[in-house]
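Q: Structure below; questions to follow.
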Amino acid sequence: MSKNNICLVIVDFQNDFCPGGALAVKDGDGIAHALNGYIAMFQAKGHLIVATQDSHPPATVHFKQYGGTWPPHCVQGTHGAAFHPALKLPDNAVTITKGERPDEDSYSGFDGRDESGLSLETVLKNAGVEHLFICGLATDYCVKATALDALRRGFSITVLVDAIKGVDLHEGDSTAALEEMAGHGAILSTFAEVKATSA
């Protein structure tokens with residue numbers, strides 16, 4: 001892989017998805033050190049870094065009281081929607097916000113847009129990216145949706161298994177999600193393995 005065709009995608013590492021948040025993933029904040037290790041690695045090599053961010057309106061079909069699955073979380077402009085303070089995003093990281101309309105769920109980062117209105121797919125293609133390294137929260141929802149969407153759009157992907165955590169609403173959901181991603185062509189890897197291949 002050449003220097004410019006790789007991107008690190010950090011999915012939804014936000015306050016509401018970490019302990020103390022409105023929709024906390026158990027030990028979700030425990031991946032902060034791993035995420036920052038990947039950020040430092042990719043930043044040092046000049047790779048693009050993208051962070052996706054749930055950003056819901058107060059009333060949305062995503063929330064239970066409006067027919068959805070989840071309690072209110074990551075509401076636009078709230079502390080819960082902000083990136084977790086332990087995340088050390090570089091200044092040149094691209095933020096992709098998703099779920100901003102009241103009529104959408106938007107689990108996948110590919111449903112979101114950057115601050116100028118460009119889709120994630122357009123941002124990646126404009127940068128010449130071909131391979132994504134995906135990490136963040138949560139394994140069985142937004143990580144999986146982002147990974148599968150990337151594969152459908154022709155990107156190759158690596159899921160960083162030491163920098164993800166799952167919800168496991170039903171026992172085994174995260175394991176099943178990893179199997180599904182791998183079954184569609186995702187590579188499952190760890191920091192040591194990525195470092196050894198000099199991403």
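Q: Considering only His84, Ser106, Ser116, whose Cα is most displaced toward the positive end of the charge dipole of the chain, charges sitting on Cβ of Lys, Arg (+1) and Asp, Glu (-1)?
A: Of the listed residues, the answer is Ser116.
Q: Right, here's the next one. Over the alpha-carbon set of region 86-199, work out the extent along each principal axis and list the three values in angstrom, largest first.
A: 37, 36, 32
Q: Under the Kirkwood approximation applied to all pairs of distinct alpha-carbon atoms, what is the hydrodynamic radius of the chain in Å? Intermediate results must be reported in sequence, preceding the final value.
A: Details: mean 1/r = 0.0603 Å⁻¹.
Taking every pair of different Cα atoms in the chain, averaging 1/r and inverting gives 16.6 Å.
Q: Another one. Roughly how tilted is helix 173-183, in degrees to the nearest 10 and between 0 and 90, from the longest Cα axis of the chain?
A: The helix 173-183 is inclined about 40 degrees to the chain.
Q: Given the DSSP H assignment, sum -39500 (n - 2.57) over each helix run of at least 4 residues in the chain and divide by its residue total; what's the result at 222 nm in deg cm²/dmol, nearest 500?
A: Working: 5 runs with 46 residues, N = 199.
So the calculated ellipticity at 222 nm is -6500 deg cm²/dmol.
Q: Next up: For the residue pair Ala82 and His33, what label-to-label distance in nm results when each label sits 7 Å from Cα along the Cα-to-beta-carbon direction?
A: About 2.5 nm separates the two model spin labels.
Q: I'd like to know which of Pro19, Ser189, Gly30 lies farthest towards the positive end of the charge dipole of the chain, counting +1 on Cβ of Lys and Arg and -1 on Cβ of Asp and Glu.
A: Ser189
Q: If you average the C-alpha positions of region 60-89 and of region 119-185 separately, how far apart do those two centres end up, in angstrom?
A: For region 60-89 versus region 119-185, the Cα centre distance is 20 Å.
Q: Of the beta bridges DSSP finds with both residues in the chain, what % are antiparallel, to the nearest 5?
A: 10
Q: Okay, moving on. Roughly what angle does helix 32-44 make with the longest principal axis of the chain, taking Cα atoms, 0 to 90 degrees, to the nearest 10?
A: The angle comes out near 40 degrees.
Q: Which one of Val167, His62, His47 is farthest out on the positive end of the charge dipole of the chain, using unit charges on Cβ (Lys, Arg +1; Asp, Glu -1) and the Cα centre as origin?
A: Farthest towards the positive end: His47.
Q: Further question on the same structure: Count the lysine pairs in region 3-196 whose Cα atoms lie under 22 Å apart, taking only pairs 8 or more positions apart in sequence or on different chains.
A: The result is 22.
A short reminder: the numbers here are calculations on the coordinates, not readings from a lab. These numbers come from a predicted model, not from an experiment. With ideal geometry, Cβ positions are generated from the backbone for all residues, glycine too; neighbour counts draw on all protein chains shown.
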